[in-house]
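Since the structure comes first, as structure tokens, the remarks are kept for the end.
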Amino acid sequence: MPGSTGSIAELMRKFNLATTNEPCNAGDRVTGPIMSGLLQSFPIMIQHPSPKWDEEVITPMGGDVQNVARAALKNLHANVSIRKRDIYRIGRITQAVTLITYLSMHKPICDAFVAQHSIQALVKAMCSISPPPTHRNSLECTTLCITGCCICLHGFIFANDSLTGIIEAFSSGILPVLMQCADLLDSNEQHYHYFVLLCNDLPKFIIYPSVLRVVKKSLEAFDEESLQKSSKVPSLISKKAWEAYARFTVSMERIMLVREAGVGRGQEVCANYMVSPFSFFFFCCCWVEQLIRISSAVNLIYEAHYGFVRDVKASIIVV
């Protein structure tokens, strides 16, 4: 029965086997149905009053939360590494990211993801979808993928020591990647998660010298002028993103001038905080409908790839 916890345990055992193989069987007819089944089942499980994480998720993966994180990240890496850059690949990446977000709702698994540099993996995944494939549904699919990555990145950055998380994010090139993704977002949507990350999460940390140094280094090779020129007709979302980027860089310059003048040394304060053990779970639960929408959409893309659904766009709109 889809969505039952018993089916999750069985699917997790199959997922463990599939991701243990070298190379990982990403994108084939074995892993695909497993991912689709998991994405259908997890929303039901996590909304249960007492999700059986140990019995249904961790035990089938060898009883170790590190194995759960390892398998999910390996699945993501395998899909990012697919050479054929088509819309189906983006759907597979989105599936992998959404699964990571569901798994991270259990704090021990979330900690395991953070320990295995999941922030770097998610930034790399976002970067890999550009340039997008030529397809009538390309913008819709890239939007789903970027949204899923932003939800997950926010949670991982603030999972424990948010200063460590933000440094990993900037070291991974998150700011140039977010700017690169601006034109890949559908202008008909608000993109709350994208702009929370760009306008709220990232700027609040640059007051710290350690973060400021990493940000400066991450932007050294970033050719913002060329990226802006490559966008022949900038979207409203892209214009808003570049305005946020300009504010970010101005803030950086002002902080550097203040520090050069020797003012405010040792008085750095920002809105840094550590998320409580239940905060990431609460954050993800608040957006579970968004995750379900993403899961449903990418599952339909998967089915369309094998001929089950002819018109992917029409199917996604129905969802």
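Identification of helices (runs of 4 or more DSSP H) wholly contained in segment 5-108 with 2 or more residues that are at pLDDT below 85 yields 5-20, 31-46. Only one entry of 135, 117 meets the criterion of being on the phi > 0 side of the Ramachandran plot, in contact (Cβ under 8 Å) with a residue 12 or more places away in the chain and not assigned by TED's automatic domain parsing to the domain that holds residue 204, and that entry is 117. Here is the figure for segment 184-194: residues that are out of contact with any helix residue (DSSP H, G or I) (no Cβ under 7 Å at 6 or more places or on another chain) and in a helix (DSSP H, G or I) total 1. Is it the case that some residue within segment 218-226 is assigned to a helix (DSSP H, G or I), buried (at least 22 other Cβ atoms within 10 Å of the Cβ) and outside the structural domain of residue 89 (by TED's automatic domain parsing)? No, segment 218-226 contains no residue that is assigned to a helix (DSSP H, G or I), buried (at least 22 other Cβ atoms within 10 Å of the Cβ) and outside the structural domain of residue 89 (by TED's automatic domain parsing). Of all residues in segment 201-236, those satisfying the criterion of being of a type in the set (S, T, N, Q) and either touching a helix residue (DSSP H, G or I) at 6+ places or on another chain (Cβ under 9 Å) or in contact (Cβ under 8 Å) with a residue 24 or more places away in the chain (or both) are 210, 218, 228, 230, 231, 235. Reported count of residues in segment 68-102, each being within 14 Å of the chain's Cα centre (by Cα) and of a type in the set (Ser, Thr, Tyr), is 4. The one condition from (1) modelled with pLDDT under 95; (2) touching a helix residue (DSSP H, G or I) at 6+ places or on another chain (Cβ under 8 Å) that residue 123 does not meet is (1). Can you say whether residue 122 is part of a helix (DSSP H, G or I) and under 25 Å from residue 179 (Cβ atoms), as far as the supplied structure shows? When the stated conditions are applied, residue 122 passes them. Within segment 62-84, residues that are farther than 20 Å from residue 123 by Cβ reach no partner that is in a loop (DSSP other than H, G, I, E, B) and not hydrophobic (A, V, I, L, M, F, W, C) with beta carbons closer than 6 Å at six or more positions or on different chains.
Okay, residues lined up against (1) in a helix (DSSP H, G or I); (2) in contact with a Ser or Thr (Cβ under 6 Å, 6 or more places away or on another chain); (3) at pLDDT 95 or above:
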| position | (1), (2), (3) |
| --- | --- |
| 160 | no, no, no |
| 165 | yes, no, no |
| 175 | yes, no, yes |
| 178 | yes, no, yes |
| 182 | yes, yes, no |
| 196 | yes, no, no |
| 204 | yes, no, no |
| 207 | no, no, no |
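Return yes or no: is residue 170 aromatic (Phe, Trp, Tyr), in a helix (DSSP H, G or I), more than 17 Å from residue 148 (Cα to Cα) and touching a residue at least 12 places away in the same chain (Cβ under 8 Å)?
For residue 170, the condition - aromatic (Phe, Trp, Tyr), in a helix (DSSP H, G or I), more than 17 Å from residue 148 (Cα to Cα) and touching a residue at least 12 places away in the same chain (Cβ under 8 Å) - is met.
Considering (1) crowded, with 24+ Cβ neighbours inside 10 Å; (2) in the same structural domain as residue 224 (by TED's automatic domain parsing), the lone condition that residue 169 does not fulfil carries the number (2). For residue 151, indicate whether it is more than 14 Å from residue 245 (Cα to Cα), part of a helix (DSSP H, G or I) and not assigned by TED's automatic domain parsing to the domain that holds residue 94. The answer is no for residue 151.
The values are calculated or read from the model by the stated rules, or taken from the named source; none is laboratory data. These numbers come from a predicted model, not from an experiment. Positions of Cβ are backbone-derived with ideal geometry, glycine not excepted, and every protein chain shown enters the neighbour counts.
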